[in-house]
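Inspection log for the structure reproduced underneath, given as structure tokens.
The values are calculated or read from the model by the stated rules, or taken from the named source; none is laboratory data. Only a predicted model underlies this, so the values are computations on that prediction, with no experimental measurement involved. Backbone-built Cβ (ideal geometry, glycine too); neighbour counts: all protein chains shown. Protein only, heavy atoms only, side chains kept; ligands, DNA and RNA dropped before computing areas. Shrake-Rupley method; radii C 1.70, N 1.55, O 1.52, S 1.80 Å.
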Amino acid sequence: KNKNIMDSILCAKNIQEAILPDDEKLNGVFKEAFVMTKPRDVVSGDFYWFAEKEDKVLIAAVDCTGHGVPAAFLNVMGNSLLNQIVYEANVLNPGEVLKELNKRVLRTLKSNKLYTQVDDGMDIGLCMMDKKSRKLIFAGAKRPLYIFHDNNLEVIKGDHHPVGGVLYGADRTYQEH
């Protein structure tokens, strides 16, 4: 049984890695970009996400609730929902993306039903870079943005409420900076 379970978890790890953005796409926009991931367990709730649409580039760092297999399920769901919101619904502003993600996470987890834990959801920092105007817009759900420039560190805090979870109500907004 242990071997079957471990084989299944390793297969899930491969699926998680397959849905991460290609390094080539990331480096095509951010020349010196790199991502370092170090999951606590074989599968993880942490992921990064990247999208290009028209003249906009969106990039996110996401921390799903929990660890291991439950967080990995949220990871895959969050990745899929972000793709739907940006590529299918054509929502590109970070605050609106997070608002829509929150609605879809709550709907997907059916937060008023039996299983869902009170805090199932994700903390996320999401940036949108407009290639034409060269402006960066940030929105965060319990995650800050760190800007290091000319040996100075600036921290822009995200909103205090996460995406998902039932402690803050369903209709949340996320401030854009």
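At a Förster radius of 45 Å, what calculated FRET efficiency corresponds to the Cβ-Cβ distance of residue 8 and residue 157, to the nearest 0.05? Before the final figure, lay out each step's value.
Details: r = 39 Å, r/R0 = 0.87.
The formula returns an efficiency of 0.70 here.
Per DSSP H run of n ≥ 4, the term is -39500 (n - 2.57); total these for the chain, divide by its residue number, and report the mean residue ellipticity at 222 nm rounded to 500 deg cm²/dmol.
Dividing the helical sum by the residues of the chain leaves -10500 deg cm²/dmol.
For a label point 7 Å from the Cα of residue 23 along Cα→C-beta, name the residues of segment 31-59 whose backbone N is under 16 Å from it.
Those under the cut-off are 31-38, 48.
Here are a few candidate values for percent of Cα pairs over 30 Å apart: (i) 42; (ii) 25; (iii) 18. Which one was actually calculated from the structure I just gave you?
Computed from these coordinates, percent of Cα pairs over 30 Å apart corresponds to label (iii).
Springs between alpha-carbon pairs under 10 angstrom, Gaussian network model over the chain: which of 57, 43, 29 fluctuates most?
Comparing 57, 43, 29 in the GNM, the peak value goes to 29.
Filter the chymotrypsin sites (Phe, Trp or Tyr not before Pro) in segment 30-106 to those in DSSP coil with at most 16 other Cβ atoms within 10 Å of their Cβ, and list the result. Intermediate results must be reported in sequence, preceding the final value.
Details: sites: 30, 34, 47, 48, 49, 50, 73, 87; in loops: 30, 34.
When the chymotrypsin sites (Phe, Trp or Tyr not before Pro) of segment 30-106 are filtered for loop state and at most 16 Cβ neighbours within 10 Å, 30, 34 remain.
Too long at a 18 Å Cα-Cα cut-off: which of 56/135; 56/142; 56/132; 25/131; 53/131; 53/157? Display every interim value, and only then the final one.
On the way: 56/135 10 Å; 56/142 24 Å; 56/132 8 Å; 25/131 15 Å; 53/131 11 Å; 53/157 26 Å.
Where the Cα-Cα span goes over 18 Å, the pairs concerned are 56/142; 53/157.
Can you tell me which lysines have their Cα less than 28 Å from the Cα of residue 1? Leave out same-chain residues fewer than eight positions away.
13, 38
I want the local charge near residue 99. Using Cβ-Cβ distances under 12 Å, sum +1 for each Lys or Arg and -1 for each Asp or Glu among the other residues.
Details: positive: 103, 104, 172; negative: 96, 100, 159, 171, 176.
After counting each charged neighbour, the total is -2.
Can you give me the % of accessible surface on the chain that is carbon or sulfur? Probe 1.4 Å, all protein chains present, nothing else counted.
54
Mind listing which GluC sites (Glu not before Pro) in segment 1-108 are in a DSSP loop and have 14 or fewer other Cβ atoms within 10 Å?
32, 54
If I take every Cα pair under 8 Å that is 6 or more residues apart in segment 1-144, average their sequence separation and divide by the length, what percent do I get for the relative contact order?
On the way: 199 pairs, mean separation 30.8, N = 144.
It comes to 21 percent, rounded to a whole number.
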